[in-house]
């Protein structure tokens with residue numbers, strides 16, 4: 001994406017998801033990607049429930065179908081933001097569909113990039129939404145850019161395979177790709193998605209609306225999270241960042257906030273008033289706390305140097321998450 005005069009054709013997979021919708025709304029509002037104007041916008045997902053905005057092309061179908069992917073690449077693609085996935089708990093229970101989307105779908109997209117380059121088309125920037133699940137639950141006392149990846153669930157393993165594929169295709173100049181290891185994203189809409197971490201969104205949403213909520217982790221349990229607007233900020237920054245300065249593996253843990261459940265309640269009280277303290281009840285579940293409540297301090301020097309940022313502080317995260 002080096003020519004600032006050329007309008008960008010952007011393809012977004014998983015565009016009907018909550019992060020995808022927020023990203024698309026920002027693109028349509030700002031009409032730019034970095035220094036370049038937004039040209040065409042192609043959205044992929046299994047289905048879309050509302051009318052397409054003017055000038056937006058929608059393709060309904062699974063990226064597990066190479067034909068669906070080929071339709072998205074009918075015109076040269078400059079930026080691919082790959083958000084589509086079958087997430088944590090669902091991927092663990094439904095290996096076949098998760099394999100088809102998380103692995104084969106990612107390869108179909110990368111192969112389409114390769115075919116475009118081999119036809120003499122532009123080398124597309126690929127922003128791959130990976131996950132902190134690549135580290136696994138047994139994290140060291142500090143996580144940084146040198147921490148080994150040891151995923152303990154199918155979702156994390158498949159995302160790590162995707163990271164390796166993105167780096168390999170980038171090495172061969174079939175794309176200009178990078179992978180962002182997303183933390184928990186708040187606040188997720190109240191729908192069944194298979195995400196075991198969905199309770200974190202409930203903790204932000206329900207007390208703000210005056211509803212009781214039960215936290216399945218203890219007050220001292222610590223996690224990492226970012227607001228949806230912050231994640232969109234970082235996805236768009238990744239679309240234009242200089243990848244030459246990135247590590248060879250092209251995978252970055254994003255800067256994010258680390259906080260305990262007690263600190264989250266304090267932040268909610270600061271934003272919404274002290275009455276919310278009476279609405280949050282703790283009933284720790286060992287499995288949930290083992291997966292999401294033992295996150296150590298995080299250092300992200302490579303992402304920091306490249307210009308990626310977190311929300312700043314916990315009240316700001318809470319405010320931005322609810323507003324989004």
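The values are calculated or read from the model by the stated rules, or taken from the named source; none is laboratory data. Keep in mind it's a predicted model, so treat the numbers as computed, not measured. Cβ coordinates were reconstructed from backbone atoms using ideal geometry, including for glycine residues, and neighbour counts include every protein chain displayed.
Here are a few things to note about the model shown:
- Failed item, numbered, when residue 156 is tested on (1) within 14 Å of the chain's Cα centre (by Cα); (2) under 25 Å from residue 324 (Cβ atoms); (3) not in a loop (DSSP other than H, G, I, E, B): (2)
Yes/no per residue for (1) within 17 Å of the chain's Cα centre (by Cα); (2) in the same structural domain as residue 102 (by TED's automatic domain parsing):
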position	(1), (2)
169	no, yes
179	yes, yes
198	yes, no
202	no, no
214	no, no
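- Flag if residue 10 is part of a strand (DSSP E or B), more than 24 Å from residue 134 (Cβ to Cβ), touching a strand residue (DSSP E or B) at 6+ places or on another chain (Cβ under 8 Å) and touching a residue at least 40 places away in the same chain (Cβ under 8 Å): yes
- The set of residues from segment 87-97 being modelled with pLDDT of 95 or more and crowded, with 22+ Cβ neighbours inside 10 Å is empty.
- Filtering segment 46-58 for residues that are within 19 Å of the chain's Cα centre (by Cα) and either crowded, with 23+ Cβ neighbours inside 10 Å or free of Cβ contacts under 8 Å to residues at least 12 places away in the same chain (or both) leaves an empty set.
- Only one entry of 80, 109 meets the criterion of being within 22 Å of residue 176 (Cα to Cα) and in a strand (DSSP E or B), and that entry is 80.
- In segment 290-313, the qualifying residues are those that are in a helix (DSSP H, G or I) and more than 16 Å from residue 202 (Cα to Cα), and the one that is farthest from the chain's Cα centre (by Cα) is 290.
- Residue among 198, 152 that is surrounded by 16 or more Cβ atoms within 10 Å (Cβ to Cβ), out of contact with any helix residue (DSSP H, G or I) (no Cβ under 7 Å at 6 or more places or on another chain), without any contact (Cβ under 8 Å) to a residue 60 or more places away in the chain and at negative phi: 198
- Flag if residue 103 is surrounded by fewer than 22 Cβ atoms within 10 Å (Cβ to Cβ), out of contact with any helix residue (DSSP H, G or I) (no Cβ under 7 Å at 6 or more places or on another chain), modelled with pLDDT of 95 or more and under 26 Å from residue 226 (Cα atoms): no
- Among the residues of this structure, residue 163 counts as one that is within 23 Å of residue 96 (Cα to Cα) and at pLDDT 95 or above.
- Residue satisfying all of: in segment 112-137; assigned to a loop (DSSP other than H, G, I, E, B) and at pLDDT 95 or above; surrounded by the fewest Cβ atoms within 10 Å (Cβ to Cβ) among these: 120
- Unique residue being in contact with a helix residue (DSSP H, G or I) (Cβ under 6 Å, 6 or more places away or on another chain), assigned by TED's automatic domain parsing to the domain that holds residue 33 and at pLDDT 95 or above when the list is 232, 241, 271, 280: 232
- Residue 219 vs. criteria assigned to a loop (DSSP other than H, G, I, E, B), touching a helix residue (DSSP H, G or I) at 6+ places or on another chain (Cβ under 9 Å), in contact (Cβ under 8 Å) with a residue 24 or more places away in the chain and assigned by TED's automatic domain parsing to the domain that holds residue 81: no
- Condition met for residue 179 (closer than 25 Å to residue 33 by Cβ, touching a helix residue (DSSP H, G or I) at 6+ places or on another chain (Cβ under 6 Å) and surrounded by 23 or more Cβ atoms within 10 Å (Cβ to Cβ)): yes
- Subset of segment 19-47 [in a helix (DSSP H, G or I) and in contact with a strand residue (DSSP E or B) (Cβ under 8 Å, 6 or more places away or on another chain)]: 19, 20, 23, 24, 27, 28, 30
- Among the conditions (1) in contact with a strand residue (DSSP E or B) (Cβ under 6 Å, 6 or more places away or on another chain); (2) more than 24 Å from residue 213 (Cα to Cα), residue 307 misses just one, which is (1).
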